[in-house]
Amino acid sequence: MARPGEGTKFTLDRKLFTSDIWFASPWKLKVWIYLLGHANHEDRIVMGIPLKRGELICSLRTLRNQCAYKIGNRTKRPSVDTIKRISDALAKESRIVRRTVHGLTVLSINNYSALQPVPEPRTVRLNRTHDRTAVVQDKYSKNSKEKKISKKIFKKPMPAEVTEYAKSIDFQLDGQHFCDYYETRGWMLGKSHMKSWQAAVRTWKRNQNKQANTGKSTKTPALPSQAAFIFEQEFGQGSWWKATEEQKREFEELEAR
């Protein structure tokens, strides 16, 4: 006949492996696990005795028989005195409390709710999981929105703005030419969209200074035209002198349009 709670589960805390019970007599360990597993998991009445959660009716002889094990055809059981000593030790360690009701021994496991916490209903677990997921999703969505907001949107400059900015950094630059140059290229720098036209102006200034210094050298002559200057802005320093005559002519024609 199945006892109430048959087929249900109970838990063992991993702290058991470092507790004194684990290193005590095997009989004591077996008694303790039996009591944890057979204590009532809810309030109920047994044999006319109201029992609370974590309590059970259990005599010394019952514990003796339940802790038996077999070796071949022989059944080995602890003695009643051994079970009594274990019961006394558990009571002394404040693990259990014993009382007698109508001539029956009732054992109460101390701190049973912590040892065997009541599992949450499945709907509560699902709702809690959903709430945590929603919080995480909301966090990431907020972060993504903040990134989108913080991301600067490139605004094309007016020629006058370019000319004025160039003057502020002591650089002579035709703002209209600068804007026309990048407008024909979709405001692209290589394969990337331009993020700062001011940075592009500063780059033009640095390149012009390098070319001016290069012009003083006997090894590399100064650039012969504005088209050559723009060519090197696009393809790097020294690229004009490495280009073929046909490439130079095509680029000059493109700039002249």
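The values are calculated or read from the model by the stated rules, or taken from the named source; none is laboratory data. It should be emphasised that the depicted structure is a prediction, and the values quoted were computed from it without experimental measurement. Every residue, glycine as well, gets a Cβ built from its backbone with ideal geometry; the counts of neighbours run over all protein chains shown.
Condition check for Glu55 on (1) surrounded by fewer than 18 Cβ atoms within 10 Å (Cβ to Cβ); (2) more than 17 Å from Ala24 (Cα to Cα): one failure, at (1). Among residues that are part of a strand (DSSP E or B) and either touching a residue at least 24 places away in the same chain (Cβ under 8 Å) or under 19 Å from Leu29 (Cα atoms) (or both), Arg98 is included. For Phe23, are the conditions met, namely being in a loop (DSSP other than H, G, I, E, B) and either surrounded by 12 or more Cβ atoms within 10 Å (Cβ to Cβ) or not assigned by TED's automatic domain parsing to the domain that holds Ala91 (or both)? Considered against the rule, which asks whether it is in a loop (DSSP other than H, G, I, E, B) and either surrounded by 12 or more Cβ atoms within 10 Å (Cβ to Cβ) or not assigned by TED's automatic domain parsing to the domain that holds Ala91 (or both), Phe23 comes out as no. In segment 199-241, of all residues being of a type in the set (Lys, Arg) and over 21 Å from Leu189 (Cα atoms), the one that is modelled with the lowest pLDDT corresponds to Lys219. Would you confirm whether or not segment 4-14 contains a residue that is more than 21 Å from Ala114 (Cα to Cα), in contact with a strand residue (DSSP E or B) (Cβ under 8 Å, 6 or more places away or on another chain) and not in a helix (DSSP H, G or I)? Looking through segment 4-14, at least one residue is more than 21 Å from Ala114 (Cα to Cα), in contact with a strand residue (DSSP E or B) (Cβ under 8 Å, 6 or more places away or on another chain) and not in a helix (DSSP H, G or I). In segment 31-51, the residues that are closer than 29 Å to Asp81 by Cα form Cβ pairs under 8 Å with partners that are among the aromatic types (Phe, Trp, Tyr) and in a loop (DSSP other than H, G, I, E, B), at six or more places apart or across chains, as follows: Leu36/Phe10; Gly37/Phe10; His41/Phe10. Report the residue count in segment 174-198 for those that are outside any strand (DSSP E or B), on the phi < 0 side of the Ramachandran plot and either buried (at least 17 other Cβ atoms within 10 Å of the Cβ) or within 48 Å of the chain's Cα centre (by Cα) (or both). Here the count works out to 14.
Considering Thr100, Thr75, Thr105, the condition of being modelled with pLDDT of 90 or more, surrounded by 15 or more Cβ atoms within 10 Å (Cβ to Cβ) and either outside the structural domain of His41 (by TED's automatic domain parsing) or over 42 Å from the mean Cα position of the chain (by Cα) (or both) is satisfied by Thr105 alone. Checking each residue in segment 21-66 for being among the polar types (S, T, N, Q) and over 20 Å from Lys9 (Cα atoms) picks out Ser25, Ser59, Thr62, Asn65. Within segment 1-20, identify whether any single residue is buried (at least 18 other Cβ atoms within 10 Å of the Cβ), modelled with pLDDT under 90 and touching a Leu at 6+ places or on another chain (Cβ under 7 Å), and answer yes or no. Within segment 1-20, none of the residues are buried (at least 18 other Cβ atoms within 10 Å of the Cβ), modelled with pLDDT under 90 and touching a Leu at 6+ places or on another chain (Cβ under 7 Å). Within segment 68-88, being of a type in the set (Ser, Thr, Tyr) and in contact with a strand residue (DSSP E or B) (Cβ under 9 Å, 6 or more places away or on another chain) holds for Tyr69, Thr75, Ser87. Within segment 54-67, residues that are free of Cβ contacts under 8 Å to residues at least 40 places away in the same chain and outside the structural domain of Ala39 (by TED's automatic domain parsing) have Cβ atoms under 6 Å from residues that are assigned to a helix (DSSP H, G or I) and of a type outside the set (D, E, K, R) in no pair, counting only partners at least 6 apart in sequence or on another chain.
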